[in-house]
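Okay, structure first, notes after.
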Amino acid sequence: MFKQKGVDQICCVSVNDTFVMNAWLADQEADNITVVPDGNGEFTGAMGMLVDKKDLGFGKRSWRYSMLVNNGVIEKMFIEPNVPGDPFEVSDADTMLAYLDPDAAAPQDVSLFTKPGCPFCTKAKALLTDKGINYEEIVLGRDASLASLKAVCGRDSVPQVFIGGQHIGGSEDLEAFFK
């Protein structure tokens, strides 16, 4: 994470070309991340993080790490342990977020089953939006079927809201949840 002039910016540097980086960014739906391709590994080599991953069929790559940078100064680094394979234990976003704010609660995944034209669905989406909660909308007839909804929660009405894996219910249940 880079912080410059009071602005937080999340960057992902990888020993890859811009096309691979942009495809990864699109796949992750991570609009708030700036990708920085290091195609030749020059930056990564200068950081002492360039490794040879021929045994995995990858060639020269970056060892996994995350770092907090404030005004161009590295404040903290989380570097994966030097073990065989491709470890991913401490360079993840959760580790960095816990370092930045140990008392912060991680955001919960929110899924919302809806149907086009449903006023109760519109009400539930507006409530989540007003609370500043991002959600994944699963539209019946496009993303899932009524049979899938019944299999997931045993109900055949929309909306159906799930927060952190917990079934909340419809729009009135969602209002009660937030009270």
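The values are calculated or read from the model by the stated rules, or taken from the named source; none is laboratory data. Just so you know, these numbers come straight off a predicted model, no measurement behind them. Note: ideal-geometry Cβ built from the backbone for every residue, glycine included; neighbour counts use all protein chains shown.
For region 79-97, the criterion of a residue being in contact with a strand residue (DSSP E or B) (Cβ under 8 Å, 6 or more places away or on another chain), in a loop (DSSP other than H, G, I, E, B) and hydrophobic (A, V, I, L, M, F, W, C) is satisfied by at least one position. Out of Ser66, Ser62, Ser14, one residue alone is in contact with a Pro (Cβ under 8 Å, 6 or more places away or on another chain) and either within 23 Å of Gly85 (Cα to Cα) or not assigned by TED's automatic domain parsing to the domain that holds Glu89 (or both). It is Ser14. Checking each residue in region 104-129 for being buried (at least 16 other Cβ atoms within 10 Å of the Cβ) and among the hydrophobic types (A, V, I, L, M, F, W, C) picks out Val110, Leu112, Phe113, Cys118, Phe120, Cys121, Ala124, Leu127, Leu128. Applying the criterion of being farther than 23 Å from Ala105 by Cβ and among the hydrophobic types (A, V, I, L, M, F, W, C) to the residues of region 130-149, the residue that is surrounded by the most Cβ atoms within 10 Å (Cβ to Cβ) is Leu140.
Scanning region 13-35 for residues that are out of contact with any Ser or Thr (no Cβ under 8 Å at 6 or more places or on another chain), within 22 Å of Val69 (Cα to Cα) and among the hydrophobic types (A, V, I, L, M, F, W, C) yields Leu25, Ala30, Ile33.
Can you give me the ranges of the helices (runs of 4 or more DSSP H) entirely in region 111-179 with at least 1 residues that are outside the structural domain of Glu29 (by TED's automatic domain parsing), in contact with a strand residue (DSSP E or B) (Cβ under 7 Å, 6 or more places away or on another chain) and farther than 23 Å from Glu29 by Cβ? Per the criteria, 146-153, 171-178.
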